[in-house]
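Only one structure is covered here, and it is reproduced in the block below.
Just so you know, all these numbers are worked out from the coordinates, no wet-lab data involved. All values derive from a computational prediction rather than experimental measurement. Don't worry about glycine lacking a Cβ; one is built from the backbone with ideal geometry, like all the others, and counts go over all protein chains shown.
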Amino acid sequence: MELTTKGRYAVMAMADLAGHADEGAIALSVVAERQSLPLAYLEQLFVPLRRAGLVESARGRTGGYRLAKPAGEISIAVVMEAVEEDTRFTRCSHNDPRCSAATPCVTHWLWTALSESMGEFLSSVNLADVIAGGRYSSAPLFAAAARTMGKRTYLDYNATAPLRPEAKAAVMRALDVTGNPSSVHAEGRRARSVIESARESVARLIGAKPSEIVFTSSATEANNWIVSQPWATILTSGTEHDSVLAPVRAVSGDIIMLPLDAHGIVDLKEFAERVLPREFAGPSLLALQLANNETGIVQPIAEIAELARSRGLSVHTDAVQAVGRVAIDFATLGVDTLALSAHKLGGPKGVGALVIRDHIHLVPLLRGGGQERRRRAGTENVAAIAGFGAAAEAALRDLQGAAAIQALRDEVEAGVKRISPDAVIIGEGAARLGNTIALALPGKLAETLVIRLDLAGIAVSAGSACSSGKVGASHVLEAMGLSHEIAAGTIRISLGPTTTKEDIAAFLAAWTTIAGASALAA
Ligand code: PLP
């Protein structure tokens, strides 16, 4: 089926009005020129569009048309209906003598379902979606206009990345897979193959073998699992995520906090000279994150792991924030286990993995069935795992775009310094993820900055926000030896593959109002 010109032209013209809503009424000749559409045809189309209450006209010298409602309230289906575009896939039941209501033809329900899905889709997309610079837009053509219509700027990728379309599609497909992956019949085997192909994709992203990947409910589970093994001693750092620190506090063995420098990076000399020579009373673990979630600061894991292993320590790294942002090769990193999480890569929330080197045996955290080669019991979350696999594939492809993300990050930092010379960028000069900025403005509480940015349409986090949304001083920044004022005043801005120059401009515009010299003086 092909849409006729009237449907396509009507949507193009309406999107043009939506994208230029701030210009007031627009002459059809202007729309015709901007969209390369024939003016006479547009004039005819705007008669039914006006009759349907979708546009209103203004007379006079500055006359023309404007949308009669916000763009977000005008679906594509409504525009097409107004110009009588037929969006049914086929009319076999009306025109074809072989198909009637009483005796539908063999394909009747197929075409009916297709028409219904198309109708649902066209009803679900509105003019704001088409111009928002997202997946229905040809370019950031109208992105600035979309923002003025209430588009949000999402700069909180380290909290969670937006679900990638590929991941969403994989989840939806897998939801229709009936079988239990442990069943031997065809349905079960189909579910099993969805999981195994996702396992291969996740393994490829981090340079591991598929057999080394154990799917879990989250990175929190993966971190808890490794920490809760019967270790005599756990060596870790004060800048770890709570999913490491909380279980560490609950264990009965010894705990050694690693010496950190001013950037929160393990002091290798101190580590080698003062920590490693100690006697460990039994199997012991060094648990250290690859990159910090609040500051993006990267630990020299390969060097630390080599030192630790020379003393017989097992090494675990929480790589949640690093995976998909920097290239990782589990085979050569020198760690025994690694935790990762799907939702930081644009996969669904509530699925992660513990990557376990083949020869290592862990006491299971969850006991029951023999899933995940007897390492983690419980029927697998097939749909979430499928989404994880698709996100991992896309993240591997997007690694090439890391430099572009870093360039946008640098633009934010330069802009912030220009607007607010007092601002402090945590970890500037240290090895950091290219997508993360931890930023403090002396005298301002992080909570206040986050709320004011939110009101301006920008989503960022307070570095110290915990899952309850409560904001206190950040334990990460305090462990780095920063003052309480900075630890309670730092916000985190984190970028991702869909961040645009317009997003950065929107952030800097809001920052100028909130933190610029005049705002501070006020
Ligand atoms: N580790 C780090 C460094 C994180 O940033 C997070 C999430 O914010 C986690 C672990 C926990 O991941 P999940 O949300 O999958 O439990």
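Between the helical axis of 382-398 and the longest alpha-carbon principal axis of the chain there is an angle of about 90 degrees. By how many degrees, between 0 and 90 and to the nearest 10, does the Cα long axis of helix 402-419 differ from the longest principal axis of the chain? Its long axis makes an angle of about 90 degrees. Along the charge dipole of segment 324-482, which of ILE426, VAL460, SER341 sits closest to the positive end, that is, farthest toward it, with unit charges on the beta carbon of Lys, Arg, Asp and Glu (+1, +1, -1, -1)? Positive-end residue among those listed: SER341. Taking GluC sites (Glu not before Pro) across segment 276-317, the ones in a DSSP loop with at most 16 further Cβ atoms lying within 10 angstrom of their Cβ are GLU279. Altogether, the Stokes-Einstein calculation at 25 °C and 0.890 mPa s, with the Kirkwood radius of segment 327-435 over Cα pairs as Rh, returns a diffusion coefficient of 142 µm²/s. Shape of the chain from the C-alpha gyration tensor: oblate (a/c of 1.5 or more and a/b not above b/c, with a ≥ b ≥ c the square roots of its eigenvalues).
Altogether, the Stokes-Einstein calculation at 37 °C and 0.692 mPa s, with the Kirkwood radius of segment 279-398 over Cα pairs as Rh, returns a diffusion coefficient of 210 µm²/s.
Residues whose amide H lies under 5 Å from that of ILE26, counting only those 5 or more places away or on a different chain, are TYR65, ARG66; hydrogens are built 1.01 Å from N in the peptide plane. Once both axes come from the Cα atoms, what is the angle between helix 108-124 and the longest principal axis of the chain, in degrees from 0 to 90, rounded to 10? Result, in degrees: 80. Using 0.36 nm per residue and subtracting the Cα-Cα separation, the extra length available between ALA101 and MET118 on full extension is 4.0 nm.
Under 5 Å between amide hydrogens, built in the peptide plane, is the criterion, and for ARG432 it picks out VAL298 among residues at least 5 positions away or on other chains. The string of couplings for segment 157-168 from the Karplus curve (6.51, -1.76, 1.60, θ = phi - 60°) is 5, 6, 6, 6, 8, x, 4, 6, x, 5, 5, 4 Hz, one whole number per residue in order, with x for Gly and Pro. Residue ranges 328-336, 496-504 sort as 496-504, 328-336 when ordered by packing (mean number of other C-beta atoms within 10 Å per residue, highest first).
Cα centroid separation, segment 1-72 to segment 220-269: 61 Å. Working ranking of peptides 392-402, 359-369, 38-48, 378-388 by packing, defined as the average number of other Cβ atoms within 10 Å per residue, highest first, is 378-388, 392-402, 38-48, 359-369. Of the cross-linked pairs LYS349/LYS501; LYS151/LYS344; LYS69/LYS349; LYS69/LYS444; LYS349/LYS444, those separated by over 29 Å at the C-alpha level are LYS69/LYS349; LYS69/LYS444; LYS349/LYS444.
Using the rule -39500 (n - 2.57) for each DSSP H run of four or more residues, divided by the residues of the chain, the 222 nm mean residue ellipticity is -12000 deg cm²/dmol. Taking the inverse of the mean reciprocal distance over all distinct Cα pairs, the Kirkwood hydrodynamic radius of segment 150-299 comes to 18.8 Å.
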